[in-house]
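K.L.:
Below you will find the structure I want to go over with you.
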Amino acid sequence: MKEIRTQDAVGHIISHDITRIIPGGEKSVAFKKGHVVREEDIEELLKVGKSHLYVWENDGSVLHENEAAAVLASLVGGDELIRGEVKEGKIELFADRSGLLRVDKEKLAVLNAFGEVMVATRHDLSPVRPGDKLAGTRIIPLAISAERMDEVCQAAAPSSVLAILPYLRKRVAIVTTGSEVFEGLIEDGFTPIVREKLEDFDVEDIGNLKVPDNPEMTTNAIMRMVENGADVVFVTGGMSVDPDDRTPLAIKNTGAEVVSYGAPVLPGAMFMVAYLGDAAILGLPGCVMHAKRTILDLVLPRVMAGLRVSLEDINGLAAGGLCLSCKECIFPACGFGAV
């Protein structure tokens, strides 16, 4: 491309979108990339501050910003993400399904280290729905050499930066602890909330068992649910350190591998995760019943996407593990659970 005086641009092809900003914040495209300048365009171009223009002259050795953005989009998301239209050299990528977003942070860092390209994404392990914006990408200059773009492509190979893990169909069960619930003195407030959380996923609910504050009965109920084919068992209540809160002991007595009892997340510090074979057992503290967002919202999408939660995963929630209990909740489009 070359730079010429706007007054001399008639008949030339504009090499990039030219924007018009109206006082008050409105921004629009005055002239699109590829527009052939006409005599009547000169005055308008000068009004938007363009005394000189970059016009396109390509010998094949460089890529225009729009072409480069398309290449970057393919490196970032491949064919499984929806690409928006190129606008001012930028392409945004959107989810085509529900699932768990995975971001290859190392590859992302490699791409951005080139300096001439940029890729920005949502945080890794974000739960997403169809249409959610996931990333934006562009080159920094108006054009980039084809040779340099080849280097970028080689650095990104062989897999894309982003992937969406689909949620798997899971058989779920709930064991509700508490003598007051078992004896009918109060209603079970936990089970409806857990089932509401599960509405975003593909599940088969195989039932709910209520047990008193008896570790042996709780252990037997958990094992019964697993024997009946449950992939995930939610055990509600009795998770604190009070003498009559015996759910952690009951979970341990199933013979399950306890990954963690306790988590650096608020709300959700008394959360427990364990595995009995391949079945996940999640011990839910009382905050799940009264707080809008808790550790369950952070861990559940991982479990439903087929990931096995580790102690490292739980400890990794510390930075970003504080929910601010905003008056208007916008989760997951916030910092809660960002990793």
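Derivation of every value follows stated rules applied to the coordinates shown; laboratory data play no part. Remember, predicted model here, so these are calculated numbers, not experimental data. Every residue, glycine as well, gets a Cβ built from its backbone with ideal geometry; the counts of neighbours run over all protein chains shown.
K.L.:
Write down Rg/Rh for region 81-188, rounded to two decimals, with Rg from the C-alpha atoms and Rh from the Kirkwood relation over Cα pairs.
P.N.:
Result for region 81-188 is an Rg/Rh of 1.27.
K.L.:
Another one. In Å and from the alpha-carbon atoms only, list the Rg and Dmax of region 190-339.
P.N.:
Values for region 190-339 (Cα only, Rg and Dmax): 14.7, 42 Å.
K.L.:
Among bridges DSSP assigns within the chain, what percent are antiparallel (round to 5)?
P.N.:
Of all bridge pairs located within the chain, approximately 70 percent are antiparallel.
K.L.:
Still on this model: Which value in Å does the Kirkwood hydrodynamic radius of region 107-246 take, with 1/r averaged over all unlike C-alpha pairs and then inverted?
P.N.:
With all distinct Cα pairs of region 107-246 included, I get 19.4 Å.
K.L.:
Can you list, largest first and rounded to whole Å, the semi-axes you get for region 1-108 by taking the square root of 5 times each eigenvalue of its Cα gyration tensor?
P.N.:
Gyration-tensor ellipsoid for region 1-108: 33, 18, 10 Å.
K.L.:
Using mean Cβ contacts within 10 Å as the protection proxy, how do 256-268, 107-119, 225-237 order, highest first?
P.N.:
225-237, 256-268, 107-119
K.L.:
Still on this structure: Over all Cα pairs of the chain, how is the pair count split among 10 Å bins, expressed in % and running from 0 up to the last occupied bin?
P.N.:
Result, from short to long distances: 5, 21, 23, 17, 13, 10, 7, 3, 1 percent.
K.L.:
Taking the Cα centre as origin and putting +1 on Lys and Arg beta-carbons and -1 on Asp and Glu beta-carbons, what dipole magnitude results for region 1-132, to the nearest 20 debye?
P.N.:
400 debye
K.L.:
Using only the alpha carbons of region 243-318, determine the length spanned along each of the three principal axes and report them from longest to shortest in whole angstroms.
P.N.:
For region 243-318, the Cα extents along the three principal axes come out at 33, 31, 18 Å.
K.L.:
Can you say what percent of the DSSP beta bridges in region 74-232, counting only those with both residues inside, are antiparallel? Round to 5.
P.N.:
Here the antiparallel bridges make up roughly 70 percent for region 74-232.
K.L.:
Between SER310 and LYS197, what is the FRET efficiency for a Förster distance of 25 Å, r being their Cβ-Cβ separation, to the nearest 0.05?
P.N.:
The computed FRET efficiency comes out at 0.70.
K.L.:
Hey, what do the phi angles of region 28-43 turn into as Karplus ³J(HN,Hα) couplings, whole Hz, using 6.51/-1.76/1.60 and θ = phi - 60°, x for Gly and Pro?
P.N.:
9, 8, 7, 9, 8, 3, x, 5, 8, 5, 10, 4, 6, 7, 4, 4
K.L.:
Now for a separate question. Please find, in a Gaussian network model of the chain (springs between Cα atoms separated by less than 10 Å), the residue of GLU80, GLU312, GLU88 whose mean-square fluctuation is greatest.
P.N.:
GLU312
K.L.:
Taking just the alpha-carbon atoms of region 180-259, what radius of gyration and Dmax come out, in angstrom?
P.N.:
When restricted to the Cα atoms of region 180-259, Rg and Dmax are 12.9, 37 Å.
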